[in-house]
1. Conditions first: (1) in contact (Cβ under 8 Å) with a residue 24 or more places away in the chain; (2) surrounded by fewer than 12 Cβ atoms within 10 Å (Cβ to Cβ). Residue 47 passes all but one, so which condition is the exception?
2. So which residues in the stretch 45-95 are under 30 Å from residue 7 (Cα atoms) and touching a helix residue (DSSP H, G or I) at 6+ places or on another chain (Cβ under 8 Å), if there are any at all?
3. Provide a single number: the residues in the stretch 1-18 that are surrounded by 13 or more Cβ atoms within 10 Å (Cβ to Cβ), modelled with pLDDT of 75 or more and over 17 Å from the mean Cα position of the chain (by Cα).
4. Being part of a helix (DSSP H, G or I), surrounded by 13 or more Cβ atoms within 10 Å (Cβ to Cβ) and free of Cβ contacts under 8 Å to residues at least 40 places away in the same chain narrows it down to one residue among 41, 87, 91, 79; which is it?
C-alpha cells in the first residue's frame, strides 16, 4: 500500500513540474506539456479512487470477519473486552 501512495505522489509531482514548465512556455510545446500534465493528474486521481475502493472493500471484509468471530465466540469476546478495560483502568489509575 505504501508503494501505491508513493506512485500517486510521484505522478502528482511530475504533473506539477510539467504544468510549471508549461507556464513559462508559449505555443504548441506549452499546450503539449499542459496536456501531459493534465493526463498525469487524471491518472493520479484514477489511482487514488481505485485505492480508496480497495480500502473500503477490505474494511468491509474485516468488519464482516470480526462480526462472525464475535457471534461465534461471545464469551471469549466479552472476556477480552473486560481484560482490556481492566488493563486500561489500571494504567489510568497509576497515572
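1. Every condition holds for residue 47 apart from (2).
2. 47, 48, 51 - these are the residues of the stretch 45-95 that are under 30 Å from residue 7 (Cα atoms) and touching a helix residue (DSSP H, G or I) at 6+ places or on another chain (Cβ under 8 Å).
3. So the count comes out to 4.
4. That would be 41, the only listed residue that is part of a helix (DSSP H, G or I), surrounded by 13 or more Cβ atoms within 10 Å (Cβ to Cβ) and free of Cβ contacts under 8 Å to residues at least 40 places away in the same chain.
The values are calculated or read from the model by the stated rules, or taken from the named source; none is laboratory data. A quick note: this is a predicted structure, and the numbers were derived from the prediction, not measured. Glycine also receives a Cβ, built like all others from the backbone with ideal geometry; neighbour counts cover every protein chain displayed.
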